[in-house]
Every structure is written in structure tokens, then in C-alpha cells.
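Values in this text are rule-based calculations from the coordinates and carry no lab data. Because the structure is predicted, anything quoted here is derived from the model rather than measured. So basically every Cβ, Gly included, is an ideal-geometry build from the backbone, and we count neighbours across all protein chains shown.
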Amino acid sequence: MRSPPCRAEPEYDAMTAHQPRKHRMPRALPPRPVRRRIGDLLRDEEGGLLILSLQLFVVMMICTGVAIDFVRIEERRAVIQNTLDRASLAAASLSQDLDPELVVQDYLEKAGLGALKVTTTVDEGNFDEWRRVTVTTKDNMPTIFGPLVGLESLSTAGRSQALESVGNVEISLVLDISGSMSGTKISRLRNAASDFVETMFDTVQPEGAPAGRLSMSIIPYNQQVVLGDDFASLLNLSTDHTENTCADVELLSDGDFQISDTTPLLRTMHGDSYPNSGSLSNCVESSKAEVLAFSNSETALKSKISGLSAGGNTSIDFGARWGLALLDPAAQPILDAMIANGTASSDLDGRPFAYDDGSQDIDDIALKVMVLMTDGQNTSAYSTGADYRTGNAGVYSGYFVSTKSATAFASSSNSAYWNYLYYYVPGKSAPYYSMKNKTWSSNLSGTIHPITWQTVWDYNDKLYTIISTFLVPPIASWKGWGSSTAYNKIYDLMAIQSVSSDKDDALDALCTAAKDQNITIFTMAVDAPSSSIELLASCATAETYAYDIDTDQIDDAFASIAAAVNALRLTN
């Protein structure tokens, strides 16, 4: 009997196993070629990088667009801030009478920012002595690409505050009155400096403002600075003579401009201490050249300037040292004494104020300014050392009339007095040198009388003549030197010399020290040589504070400095 054919059991299907057998549907498969193609596609990796690249490109485009929006907002912020700064500066200026809010709005409109909403706050002093303008705004800028990431706009804030305050100001006007300033220059200087004073009073000390806001000192200089009897009497100036009121400030330390009522000062030797036989006074005492210290009188300051006249050499460092000294708080006791004796106003009590260290009240500090002008370059100044002014000069008289022996030769033409003059060298075997016979003696008969340096200077006030007459003959003979060698050695020992190179270095040290104390220095080189232009440019507080000008620009330079002194300070 034939067995029935075998049938393959259907594959187990978990999805249909629970269904009754009669309901199972046969699975329909795609045709074999289709199945093969689908399999090929699933295994094929070509084109995958393109999809990723497209995704990255979209991300990069979004990031670049957002970056552009940030650049746009930063550019707009810069334009807004710069415009607000300029607007607040102009609105705060005390020299304009327009409504500050209108000034701010006008600046915005001209910059194409008229639609920008700003808040302008104006604060002013009761006497128009200060004005502070504060401008704030907040701007929203629609973005171009930002919406792609949900950033519809970007905002920026702007704030600017400008203050013009005349506050307290202390000024030293240091003016060159050397010989090269004669003629047109000194005339232009008088007019320009006088206008400067007037401008300072109009802006710093306007009518009705509280007194004492402005103090000024005028320091004229040539080869020296004449202090004047009143001012010099308040200083610790040596009293070896009283024939002038100049001081040998070159003996002070480099950069040291602190001069109080107790600072030892050697009075400049009277006469001529120059190294040759010319005729140049160490200090030309003149009321027109005297310092006017600590004044708040516009009339007095203008009067001092109008009387300036030219003559002498040039010591820029001497002028600068006194100009800075009258700004330094060490000079307070001097001003106190001037107030006490009635030569200065009590409104200036407390000046020169201490340097601002950030802890003082605004009423107890001042803007300190030195204006230093010259038309030339440092030349030279001379004096004679303190050891050669008083005491025994080493010269003796053996004249038989004792009442005339020590002094008569200085004021008489009688040659008999000279016949008995001797130079004495202690310890030498033959210590007496006869001025008449040019010989040395071991002893003299009778009584010899010492001659003082004061008497020697009464004979002649030229150091050149004193050395050549009294010292070269005996010392050259004693040392075996030639006359020229003896003169040079003796001169170098006796003279106080301040030559151009010394003065340049001294001025540089002074200006550096002053700028360290935040003293503002303006310099003015009028038709000056290049070396002087460079020296003054280095001295000035900033490059723009150094004026290299011609004579016919003196007026403009002083006007510019006046505007700069009143310049605004922008604070953010």
C-alpha cells in the first residue's frame, strides 16, 4: 500500500500562531528582483556624507547669521556710545548757553539716531561754576537671522556722563623775560598772558561765585628769578648780603621743588660771577621782574604782566623750580604768613592744597597747572660759593694806620694802601706774599690786620677781578702754576656754575617729579631752537600740551591752553 506524500510543516509564526488555522493568510513576498534591489540599497553607503554635510551647512548658516547680528549690534553700540559721549561733552560745556537737553538731541539727530529714546539729566552749581550732564539710553535692534534660533532682537545700553567743573585751580605762569624776548615778543607775551588771566577769572572765578576758587602766581625769569623783598623776607634766605633777592636753587637736589619757609636757600651772590671779564650780573634786581605769588586779584596779575621787560640770559629750570614750588603744599606756611601780613587774600587760606590722593573732599583739592614758556634755550647762570663771602679772605694789611688798614684799600685810590697788602699761606716757611713786590717773606714787622671777604667784595664785585687780583699771583707763585691754570683751578673752586647741560638735566628731573604728583604742565616754545623744542615737549604732561609756535601765534597758544585748563573730564 502506497504511503501518502509527505508535506512540509509550515514555519511557526508567533504573530499568527494563536489564530485558528483556517484564518491564516499566506505571506505575499515581493518578486525576487525587487527583493534583491532592496537589499542592494540597504547595503549601499554612497551619499551618506552628503546628508550630513547638508545638516552641517544649515547649522553653519544659522551660526554665521547670528554672528552677523552680533556684529551689527556691536557696531550700533559703538555709534550710540560715541554719539552720547560727544553730546554729553558739548552739553556740559560752561561756555555754551543752550539747553543741554536740546544739545544732546541735536547731536543724536545729526548722527541719524533721532528716534533713539534717551534720558538726559542735568546737574549744575548755584553759580554756574560746574555742570554735569548724564545721558542714558537702551536700544533694541531686530535681528535678521536670530529668529532661526528664537532670538527676535538684541538690546544695547548706552551711558555717558560729562562734567565741567571750574572747582579749585592753582596756576603758575612761568614767563621768559630774557634778552631775546625784547621787542615784538615781549609785547605779544604781555597781551596774550593778560588775556589768559582774564579768561581764567571768567571761567574759574566768575562774578558771584564763592571766593577763593582760583589762585595764580607769575614767575618771570631770565638767568635768575627775582623774589622781591616782601616774598623773600618769608623765606629762609641767607643773609651774607642783602643786595638782591635771588636764590641759588641749583644747589637743591635734582627734582626737588619743595620750598617751605624753613628750606635753607643760599642768596645769589651780588655782582658778576661769570668766568670771564664781561659784565653780566648774577641777579638783576628789579621790581618789574619780581615774582607775584599767590594772587587772586585779576587787576594785580594783569598789572604785573603789563610791566614785564626783557633782558639777561635764560634759566628755564630756575623758573620751573619756583613755578612748581608755588604749587606744592610745602609752601602753605609761606602763604599763611602772607595772609597774616596782608599781602595775600584770606580767601586763599589752605593753599597750595595737598595733592589729590582720592580721600579729600572736592573743596580741599585743586587742579594744579604750570604754564612754562621760553623763546630760547638754557644758557648759564653763576654765583659764588658761601665759603667765599664772609670771614677771613686770606689777605692781610700791614698799613701803619690801624683804623684804615683793613678796609681803606677797598674804597680809596691811594696806592699806599696797596703797598702793604699781603696774602698769607699758613704753614708755609715764608707765608707772606707781597702784592707790591711779588715776593714771599717769613715775617712782617708791626701788626698785620686781616681783611674779610666782605671788604674784598666791596673793592670789586666781579669774581673774575677778585681772583685775578688777589689770588692768582700768590697761588700761581706758590704752586708753580701758570696764571691761566691758577685762574681756572681757583674759579672752579669758588664759583657756583649752572651751564646749559646742567640746566637741561635739572629741568627734565623737575618735570618728571611734577608729573608724578599729577601737576599738569603746558609748555610753549616760541621761535625756539630744536633742542629747546624737544626739551619742553618732554617736560609737558602730554604731547598735545607742548606748543611749538611762532611769535604771531602766542595769542592762540595761550587761548588754547586756557581752553584746555577748562577742558571737560569724561567719566563713564
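Overview of results
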{"quantity": "Student exercise, the stretch 235-324 dipole from Lys, Arg, Asp, Glu Cβ charges, in Debye to nearest 20", "calculated": "380"}
{"quantity": "Computed lengthening from Asn341 to Ser309, 0.36 nm per intervening residue step minus Cα-Cα distance", "calculated": "8.7 nm"}
{"quantity": "Highest average packing first - 530-539, 349-358, Cβ atoms within 10 Å", "calculated": "530-539, 349-358"}
{"quantity": "Modelled FRET efficiency - R0 25 Å, Asp97 with Thr136, Cβ distances, 0.05 increments", "calculated": "0.55"}
{"quantity": "Shape category assigned to the stretch 385-496 from the gyration tensor of Cα positions, a/c cut at 1.5", "calculated": "oblate"}
{"quantity": "Extension gain (nm, one decimal) between Lys515 and Asp256, 0.36 nm per residue minus Cα-Cα", "calculated": "92.0 nm"}
{"quantity": "Label point distance in nm, Thr242-Leu56, each placed 7 Å from Cα along Cα→Cβ", "calculated": "9.8"}
{"quantity": "Order by protection proxy (mean Cβ within 10 Å, highest first), peptides 362-368, 437-443", "calculated": "362-368, 437-443"}
{"quantity": "Length gained when the stretch Ala564-Asp356 is fully extended (0.36 nm per residue, less Cα-Cα span)", "calculated": "72.9 nm"}
{"quantity": "Built amide H within the under 5 Å cut-off of Ala393, gap 5+", "calculated": "Ile451, Thr452, Trp453"}
{"quantity": "Spin-label pair Lys117/Ser279, simplified geometry with 7 Å Cα→Cβ offset, distance in nm", "calculated": "8.4"}
{"quantity": "Cβ-derived FRET efficiency at R0 25 Å, Lys288 paired with Thr465, nearest 0.05", "calculated": "0.30"}
{"quantity": "Ranked packing of 181-189, 266-274, most packed first, by mean Cβ within 10 Å", "calculated": "266-274, 181-189"}
{"quantity": "Separation of the Asn419 and Lys438 label points, Cα + 7 Å toward Cβ, nm", "calculated": "1.9"}
